[in-house]
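The values are calculated or read from the model by the stated rules, or taken from the named source; none is laboratory data. Being a predicted model, the structure only gives us computed values, none of them experimental. Glycine gets a Cβ as well: all are built from the backbone with ideal geometry, and neighbour counts include every protein chain shown.
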Amino acid sequence: MMPDDFDRLQSLMASRAGFRLARDRIHLAEHRLGPVARREGFDSVDIMLEALWAKPVASLGWSVIEALLNPETWFRRDRATFDVFANELLPALSKARPNGHVRLWSAGCSTGQEPYSLAMAALEAGASVDIVATDLSQKVLDKARTGTYTSFEIQRGLKAHTMLRWFELVDEHWVTRPELNAAVQFTRANLLDEPVDEGKFDIIMCRNVLTDVDPERRARIIDGLERRLVDDGCLFLGPDEQLGGDTLAFRPVNGRKGLFVKSPSSLRHAA
């Protein structure tokens, strides 16, 4: 891949998806785009990119973007986060909400392990929840909806009794049981876009997403998260993620890595 092509890929990722593509990932990018080029009928990645730059086609552009996104995830990733959710936040919010109903948003859900982990905790607690899971990549959403995982994926984060409680072994793959699958609504969404669903959420999980966001578009995404969260709701980022010093929308919760609530200045502005 030529450096000029990689520079244009960086611009494409930032403008369409809000993500930055670090210069040291040039070889990884070429590796991931190889299957896309073959699927689309091109002899090489360079020829595919040449065609894309000459005549931008939305479908090909999004295929390229999806291939470059980082889909890394696993069940109950960062277990402390799910302990706080299940043992502290979910019981407290269930008591505080009308009819005990809590709305959750998994933003950047990838192949579904995060929202299914939330659903398992809620169902085990007998809580009433509405779980919306979104991602930019249609490919990962298609996998998430099936709830089908390999032995490696299912064992990554789940204990044996949890696997057997919520999954069935079908043709050497583990498939979510109907009750678990029905608990999550998957839909495609771009965090840079205005939301179609104007409803607000009690808890938003946007973990390990902002790290790869282009700095110029980070504030826009954070503003969107703030507008979608109820005033007394909670935002989870990855345990080592920070919002950045230039945002006044949220403040961290002491002793709870990755947990944020709306800042007083944000609440005054909303009022």
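Summary table
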| read-out | value |
| --- | --- |
| Verdict on Ala121 being without any contact (Cβ under 8 Å) to a residue 40 or more places away in the chain, of a type in the set (A, V, I, L, M) and within 21 Å of Asp78 (Cβ to Cβ) | yes |
| Region 13-37, subset crowded, with 20+ Cβ neighbours inside 10 Å and under 20 Å from the mean Cα position of the chain (by Cα), residue modelled with the lowest pLDDT | Leu21 |
| Filter pass, Thr111 being part of a strand (DSSP E or B), modelled with pLDDT of 95 or more and within 25 Å of Ala67 (Cβ to Cβ) | no |
| Subset of region 77-98 (residues that are surrounded by fewer than 18 Cβ atoms within 10 Å (Cβ to Cβ), hydrophobic (A, V, I, L, M, F, W, C) and closer than 19 Å to Cys206 by Cα) | Ala80 |
| Qualifying residue in region 95-108 (condition: within 28 Å of Gln10 (Cβ to Cβ), modelled with pLDDT of 95 or more and in contact with a Gly (Cβ under 6 Å, 6 or more places away or on another chain)) | no |
| Counted residues, region 38-76 - those being in a loop (DSSP other than H, G, I, E, B), in contact with a Ser or Thr (Cβ under 8 Å, 6 or more places away or on another chain) and surrounded by 13 or more Cβ atoms within 10 Å (Cβ to Cβ) | 6 |
| Some residue of region 133-156 being farther than 23 Å from Pro71 by Cβ and surrounded by fewer than 18 Cβ atoms within 10 Å (Cβ to Cβ) | no |
| Tally, over region 184-196, of residues that are within 13 Å of the chain's Cα centre (by Cα) and either of a type in the set (Gly, Ala, Ser) or within 23 Å of Ser151 (Cα to Cα) (or both) | 2 |
| Any hit, region 177-184, residues being in the same structural domain as Phe250 (by TED's automatic domain parsing) and of a type in the set (Gly, Ala, Ser) | yes |
| The listed residue being farther than 27 Å from Arg156 by Cβ and touching a strand residue (DSSP E or B) at 6+ places or on another chain (Cβ under 6 Å), out of Gly41, Gly61, Gly18 | Gly18 |
| Filter pass, Leu12 being assigned to a helix (DSSP H, G or I) and either touching a Leu at 6+ places or on another chain (Cβ under 6 Å) or without any contact (Cβ under 8 Å) to a residue 60 or more places away in the chain (or both) | yes |
| Among the residues listed as Asn208, Asn181, the single one being more than 16 Å from the chain's Cα centre (by Cα) and crowded, with 17+ Cβ neighbours inside 10 Å | Asn181 |
